[in-house]
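Right, one structure below, let's go through it.
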Amino acid sequence: MATATTTADTETRSGGAPNRKKVTIAKKRQYVAAYILVMPFFVIFVAMIMVPLAYAGYLSLFREQLVGGVSFAGFDNYTRAFGDPAFISGVARMALFLVVQVPLMLVLSLFFALALDSGMVRLSKFVRLGIFIPYAVPAVVATLMWGYLYGPDFGPFAQLAELLGLPTPRFLAPDAVLFALINVVNWEFIGYNMIIIYAALRSIPTELYEAGRVDGASEPRIAWSIKIPAVRPALILTVIFSVIGSFQLFVEPNLLRTLAPNAISSSYTPNMYAYTLAFVNQEANYAAAIAFLLGLVIMAMSYMVQLWNQRKESRG
Amino acid sequence: MSSSQPNIRAGADPTATSEPRDDTLDPGTRVGPIGQLRKDRPAPKSNLLTVVMLAITLGYFLFPLYWLVIASTKSNADLFSTFGLWFADFSLIENLRQVFTAQNGVFGRWALNSIFYSVVSAVGGTLLATAAGYAFAKYDFPGGKALFSVILGAIMVPTTALAIPTYLLFARAQLTDTYWAIILPSLVSPFGVYLMRVYAADAVDSSLIEAARVDGVGEIRIFFQVALRLLVPGSITVLLFTLVATWNNYFLPLIMLNTPEKFPLPVGLAQWQSTASAGSGAQAMFSTVITGSLVSIVPLILAFLFLQRYWQSGLSSGGVKA
């Protein structure tokens, strides 16, 4: 029977008609198997991603009233969001964060990856691990550590400043706290991105740039003209993940808030705002609209990165 | 395109363990004489500048961890009165005792919860992703392409944007403040499916599947008895990353759970931290929070050290294929 399956299979490809019935049976069996294998994932995928997404969209079209319960609101929650200074300033703050943090992080990640790949670094295995290790530290612990380090009480920077008779550095002052956050996020993720880029660098066929070396091209020149173009897909991946990550920022500002309540408001990031709305203000419907909008902004940004990449690729 | 594939598979190669730096990550070193040259070339011009830059870089990344280790050995009073970057009286044992006995030993409970949440989510999520990835790679079935692009699109959906609606749904189903509230959402890894599809495409030879069919083996048994074994190295990468994601997750358990006995470590530690910084009366908590933080990062750092070849090769396949 199974033999018939394979012959049937080849005959379909060559356009043979006589065995069509067997073809469909064998094929059908494979289809069923494929569905059985995909089904468990897909059921949970639908339940945990599609349904909540749809539910957020649905909730966002309603509003609670103190009197009369829930009523249909159309797009009122969205118009409210666009006129809500707390939401708009949160998005603007994250845009600023993104513009500063992501390039800084990725340039450093790329630089370290290239340095390690060039073979000019001693103990490269140890260095690579040292840079990557922060990724294994939970964001909560990373923020706690940096929070203590920044702190005026027993932070070593404050202690050093006192020893030297300098004023205490105020990392958590309102105008500095965004950079304090950028530092924490960079510390956490430079290694992760470096590893992605490094792995891509390692899979470039050596012949590609060995010729350049023979011709006497310098290491930076080889990096710029051969290696960086070759790892573009990996770079794009890191850009997209970073965009997604930045806009979702929650843990780091939320924890630093206990140390710097004046510098970080409860609507400091859009995500913190959605959290405050849902769990402090009990405005679930408006919170759903904010979460939905945030998701849309992030997806739009990711697609823009991809589109820009494709256009560049087709031009190159 | 297929250049990424040897990376993962090299990760599974037991002969590669001795020198992971070159063998696991650079297929070139193992084949051509050019690659050989590259491997054998002595590290050139390590001048003063690169050494200094290296020291600064490593200093930056290891500095907070160094501080954490030092601070864990100090009593709460010494944290304030002695210099942060060097040891004072050694109180690590006392701190550890404090960590594990505070509030009737709730920290141990959090640690067990963290292990439970991350192991169950990682094992379950990896099995789901492996089966789905294999099916997408090896079967050309109606709707398969469409399903796969929906899943790919979902990689872009921010998990925190989902957390609030998921919480509201779970509240309706009375699932909040249960173990399910953490495990169910953590089982879904669209990126894992993508990685496994990429991996399965090359790791499982189609002729092997054909041969099993000829022998009369059913399709599902082919997956479990023939393919699964070949998919293990790729699966371990997915496992490791799901494990980390769940172990480190803070937002989801924060909103889902109310009972401290169900908290994972990050939520528990964050709660201790806010208690510690709230009032000077609770000052004794700082050394406990710090030592607890150290205890909570040790398992993952060890896991990463021991499973290096898996995460390094796994990341590469994601990066190269994207």
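Some observations on this one:
- With a 10 Å cut-off around each Cβ of B:162-175, the average count of Cβ atoms from other chains is 6.
- Cα gyration tensor category, rounded, prolate or oblate, for region B:181-308 with a/c compared to 1.5: prolate
- Ranked B:302, B:147, criterion: other C-beta atoms within 10 Å, fewest first: B:302, B:147
- Taking A:132, A:189, A:41 as the candidate residues, the one with maximal mean-square fluctuation in a Gaussian network model of chain A, Cα springs under 10 Å, is A:41.
- Cα shape, region A:233-302, gyration tensor, a/c 1.5 rule: oblate
- In this calculation the C-beta distance from residue B:180 to residue B:101 is compared with R0 = 30 Å, giving a FRET efficiency of 0.50.
- Per-residue shielding of A:241-253, expressed as the average number of other chain Cβ atoms within 10 Å of the residue Cβ, stands at 3.
- Size of charge dipole - the protein assembly as shown - debye, nearest 20, with Cβ of Lys, Arg +1 and Asp, Glu -1, no other charges: 1520 debye
- FRET E, pair residue B:140, residue A:221, Förster distance 35 Å, beta-carbon r, rounded to 0.05: 0.20
- Largest mean-square fluctuation among A:39, A:50, A:145, in a Gaussian network model of chain A whose springs join Cα atoms under 10 Å apart, belongs to A:39.
- When A:225, A:267 are sorted by how many other C-beta atoms sit within 10 angstrom of their C-beta, beginning with the fewest, the order is A:225, A:267.
- Ranked B:145, B:74, A:227, criterion: other C-beta atoms within 10 Å, fewest first: B:145, A:227, B:74
- In terms of its C-alpha gyration tensor, chain A comes out oblate, because a/c is 1.5 or above while a/b does not outweigh b/c.
- Residues in region A:123-136 carry Karplus couplings, in order, of 6, 4, 5, 5, 5, 4, 5, x, 6, 7, 3, x, 4, 7 Hz; the curve used is 6.51 cos²θ - 1.76 cosθ + 1.60 with θ = phi - 60°, and Gly or Pro positions show x.
- Residues considered: A:59, A:201, A:166. Largest GNM mean-square fluctuation over chain A, using C-alpha springs under 10 Å, is found at A:166.
- Helical contribution to [θ] at 222 nm, DSSP H n ≥ 4, -39,500 (n - 2.57), averaged over chain A, rounded to 500: -22500 deg cm²/dmol
- Built amide H within the under 5 Å cut-off of residue A:62, gap 5+: A:73
- Pairs of lysine residues in the protein assembly as shown that meet both criteria, 8 or more places apart or on different chains and Cα atoms under 27 Å apart, total 21.
- Rounded FRET efficiency, nearest 0.05, which uses the C-beta distance separating residue A:107 from residue A:211 and R0 of 30 Å: 0.65
- Site pair residue A:176 and residue A:232 shows an inter-label distance of 4.2 nm when each label is modelled 7 Å from Cα along Cα→Cβ.
- Under 16 Å from the residue A:153 label point (7 Å along Cα→beta-carbon), backbone N, region B:77-115: B:77-84
Every number here is computed from the coordinates shown, using simple stated rules; none is lab data. Only a predicted model underlies this, so the values are computations on that prediction, with no experimental measurement involved. Using ideal geometry, Cβ is built from the backbone for each residue, glycine included, and neighbour counts are taken over all protein chains shown.
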